[in-house]
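S.K.: Sharing a structure below in C-alpha cells format, with a few things to ask.
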Amino acid sequence: MAISISLTVNGAPVTANVEPNTLLVQFLRDQLRLTGTHIGCDTAQCGACTIHLNGRAIKSCNILAVQAEGADLTTIEGLSHDGQLHPMQAAFRECHGLQCGFCTPGMVMSATALAATHPDLNEADVRAQLDGNLCRCTGYHNIVTAIVQGAAAMKPGVAAAAKAA
C-alpha cells in the first residue's frame, strides 16, 4: 500500500507515492532520478548516500522516505546555483579531492554541513569529523585539503568577495 509524501527537494516541492519500506536513497534515485546520491553499502557505513535533511547531513540509506515527510532535502544536485559550483564543489575540483568520484557526492555533502557548523576547520578537525565517510581510492590527503579550502571559501565574507570578483 503506497503512502503519499510531500517534501521539498533542492528547493522544489515534491509530492509522491512510496511504498512504506522505500529507503530515502531509493526514492531519490529511482523516483526522482537524482542519481548523484550513491548507494555504497546499505548499512550507513560509507557515507556515499549523504544528503542534507533540514540542513543536517544524514545518510539516506538509513532512513525511510516516509520519515522525510515535510522535510527540506538537499542533494548534491542542489548545491550548485546558476551554473556555478558550490565553493566546496569547486575546492574538490581544484584540490583534486576525488579519484573515481563514487564517494565524492557524499563527501561534499558531509563537508558542506561540517563547514556550516565549524567555519574555521583545520586538517585535524576534518579528519576527526569525516570518519563516517569512506573513500576506497585514496589516502584522504587531497580530500582533507579540499574540505579545508572549501570551508574557507564558504565563510560569509569570502563568498561575497568571490562573487564580486
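S.K.: Taking the 0 to 90 degree range and rounding to the nearest ten, how far is the long axis of helix 141-154 tilted relative to the main principal axis of the chain, both from C-alpha atoms?
M.R.: 90
S.K.: Taking the Cα centre of the stretch 1-104 as origin and charging only Cβ (+1 Lys, Arg; -1 Asp, Glu), how large is the dipole, in debye to the nearest 20? Write out the running numbers ahead of the final one.
M.R.: On the way: 5 positive and 8 negative charges, 30 e Å.
Here the size comes out at about 140 debye.
S.K.: Something else about it: Determine the sum of side-chain charges near Leu28: Lys and Arg each +1, Asp and Glu each -1, restricted to other residues whose C-beta is under 15 angstrom from that of Leu28. Don't skip to the answer; put the middle values down first.
M.R.: Values: positive: Arg29, Arg33, Lys59; negative: Glu19, Asp30, Asp42, Glu69, Asp72, Glu77.
So the environment of Leu28 carries a net charge of -3.
S.K.: Where a ≥ b ≥ c are the square roots of the eigenvalues of the C-alpha gyration tensor, would you call the stretch 61-165 rounded, which needs a/c under 1.5, or, failing that, prolate if a/b is larger than b/c, or oblate? Intermediate results must be reported in sequence, preceding the final value.
M.R.: Numbers: a/c = 1.55, a/b = 1.12, b/c = 1.39.
Oblate.
S.K.: Now, a different point. Of the peptides 67-74, 102-109, how do they stack up when ordered by the mean number of other Cβ atoms within 10 Å, highest first? Don't skip to the answer; put the middle values down first.
M.R.: On the way: 67-74: 16.9, 102-109: 24.9.
Per-residue Cβ counts within 10 Å, averaged per peptide and sorted highest first, yield 102-109, 67-74.
S.K.: Is it possible to state the helix-based mean residue ellipticity at 222 nm for the chain, with each DSSP H run of 4+ residues giving -39500 (n - 2.57), the sum divided by total residues, to the nearest 500 deg cm²/dmol? What is it? Don't skip to the answer; put the middle values down first.
M.R.: Numbers: 5 runs with 52 residues, N = 165.
After summing the helix terms and dividing by residue count, I get -9500 deg cm²/dmol.
S.K.: Residue farthest toward the positive end of the dipole of the stretch 45-165, with Cβ of Lys/Arg at +1 and Asp/Glu at -1: which of Met154, Gln99, Gly70?
M.R.: Most positive-ward Cα: Gln99.
S.K.: Given R₀ = 41 Å, FRET efficiency for Ala152-Ser6 by Cβ-Cβ distance, to 0.05?
M.R.: On the way: r = 37 Å, r/R0 = 0.91.
So, using R0 = 41 Å, E works out to roughly 0.65.
S.K.: May I pose another question? Compare the peptides 13-19, 80-86 by average per-residue count of other Cβ atoms within 10 angstrom and give them in order, highest first.
M.R.: Details: 13-19: 13.3, 80-86: 10.7.
For the peptides 13-19, 80-86, the packing ranking is 13-19, 80-86.
S.K.: If I model a spin label as a point 7 Å beyond the Cα along the Cα-Cβ vector, how far apart are those points for Asn17 and Arg136 in nm?
M.R.: Between Asn17 and Arg136, the simple spin-label model gives 3.7 nm.
S.K.: When the expected Rg is taken as 2.2 N^0.38 Å, what fraction or multiple of it is the alpha-carbon Rg of the stretch 56-100?
M.R.: Values: Rg = 13.8 Å, N = 45, 2.2 N^0.38 = 9.3 Å.
Relative to the rule-of-thumb radius for its length, the stretch 56-100 sits at 1.47.
S.K.: Taking the chain as the reference, fit the longest principal axis to its C-alpha atoms, fit the long axis of helix 104-117 to the helix C-alpha atoms, and give the angle between the two in degrees, 0 to 90, nearest 10.
M.R.: Relative to the chain, helix 104-117 is tipped by roughly 70 degrees.
S.K.: Where does the charge balance sit around Val18 when Lys and Arg score +1, Asp and Glu -1, over other residues with C-beta under 11 Å from its C-beta? Before the final figure, lay out each step's value.
M.R.: Details: positive: none; negative: Glu19, Asp30, Glu69.
Its environment carries a net charge of -3.
S.K.: Quote the charge dipole size of the stretch 59-165 about the Cα centre in Debye, to the nearest 20; the model charges only the Cβ of Lys and Arg (+1) and of Asp and Glu (-1). Intermediate values should be presented prior to the final figure.
M.R.: Numbers: 6 positive and 9 negative charges, 42 e Å.
I would put it at about 200 debye.
All of the numbers you see were taken from the coordinates with simple rules; none came from a lab. As the structure is a computational prediction, the values presented were derived from the model and not from experiment. For neighbour counting, all protein chains shown are included, and Cβ atoms are generated from backbone atoms with ideal geometry for every residue, glycine included.
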